[in-house]
């Protein structure tokens, strides 16, 4: 709950009257913005723009920031802060609000504890009970593989100091909504759902990593729905402040989910696993968990070689340890900022 109170404090500090800045591009005053190229040249910064996910990465040797187009949230050297107005794509140019310089300078002087701490993790072994998931020709059930790897992953993460919870620790059926609500109740910093894959072709193989499809983020429309569905401290806050709260939370989670996907991919590659580049998907557990969420398919039960490997305890432990190291890599990247 500390993160929620911290977020609300930031809202109070920065105000909430700027929600009206989310206007159509033709109505925006460009005088309030600076072109990204110009901003970086003036401040001796480097940037990258992810055109697929609409994420702007701006960095230097001393600091970094992550921005999302049309979002009132920014991540500045590990601190999540609301923005006075959203970055926009205007007539083919990326524009950022003029106050970005002031805010980024403020974060260097700030004594606040960064909100992007990774302490509590919820692991979700997919399927269970009456829902076996995929089943190999040899009778290996996905629900069993998911649970075994999840238990090993819990052990690996706890060795490294994390607080870890499983959505299920036995062979029971749990609905998707129950899994999501469990993560929310645990106030999780990360939500990781584990699955095993299947395909009509036995030749398809490899580990796959998924995060939320960008078109499903829709932070403003989701924020408007959530303020009428979810409870959090500050129920008497004005509607505009609640919109900022949910916009900030959703987009922080989205950006962190992308980063976790990349860290997991890099770690799997480092240890020579056959892993595919992270993909975007509209899975329910990713869309509604309200915490940074990633879904990992640990292999194909329909592939003879991967099915054989997934039966073996040592391979299950290797998968668990590699995922744990990916999460550690994410945590350390924020500790070092």
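The values are calculated or read from the model by the stated rules, or taken from the named source; none is laboratory data. Just so it is clear, the model here is predicted, and its values are computed rather than measured. Note: ideal-geometry Cβ built from the backbone for every residue, glycine included; neighbour counts use all protein chains shown.
Details
- The listed residues are 39, 49, and the only one of them that is part of a helix (DSSP H, G or I) and at pLDDT 85 or above turns out to be 39.
- If you go through the range 317-337 and keep only what is over 18 Å from residue 209 (Cβ atoms) and modelled with pLDDT under 95, you end up with 332, 334, 335, 336, 337.
- Top-ranked residue of the range 152-175 - restricted to ones that are in a helix (DSSP H, G or I) and touching a strand residue (DSSP E or B) at 6+ places or on another chain (Cβ under 7 Å), ranked as surrounded by the most Cβ atoms within 10 Å (Cβ to Cβ): 153
- Set 309, 241, 281, 289: member being assigned by TED's automatic domain parsing to the domain that holds residue 184 and at pLDDT 95 or above: 309
- You will find that of 75, 88, the residue that is at pLDDT 70 or above, within 28 Å of residue 335 (Cβ to Cβ) and outside the structural domain of residue 258 (by TED's automatic domain parsing) is 75 and no other.
- Unique residue being without any contact (Cβ under 8 Å) to a residue 60 or more places away in the chain and touching a helix residue (DSSP H, G or I) at 6+ places or on another chain (Cβ under 8 Å) when the list is 153, 166: 166
- Pairs, first on the phi > 0 side of the Ramachandran plot in the range 33-46, second surrounded by fewer than 16 Cβ atoms within 10 Å (Cβ to Cβ), C-beta under 8 Å, six or more apart: 44/60
- Of the residues making up the range 303-320, not one is surrounded by fewer than 19 Cβ atoms within 10 Å (Cβ to Cβ) and closer than 14 Å to residue 192 by Cα.
- For the range 189-210, the tally of residues that are under 13 Å from residue 294 (Cα atoms) and in a loop (DSSP other than H, G, I, E, B) stands at 1.
- Condition met for residue 190 (modelled with pLDDT of 90 or more, buried (at least 18 other Cβ atoms within 10 Å of the Cβ) and under 20 Å from the mean Cα position of the chain (by Cα)): yes
- Number of the exception - residue 314 against (1) in contact with a helix residue (DSSP H, G or I) (Cβ under 9 Å, 6 or more places away or on another chain); (2) modelled with pLDDT of 95 or more: (1)
- Residue in the range 226-234 that is surrounded by 15 or more Cβ atoms within 10 Å (Cβ to Cβ) and modelled with pLDDT of 55 or more present: no
- Sole exception among (1) more than 24 Å from residue 322 (Cα to Cα); (2) at pLDDT 95 or above for residue 111, by number: (2)
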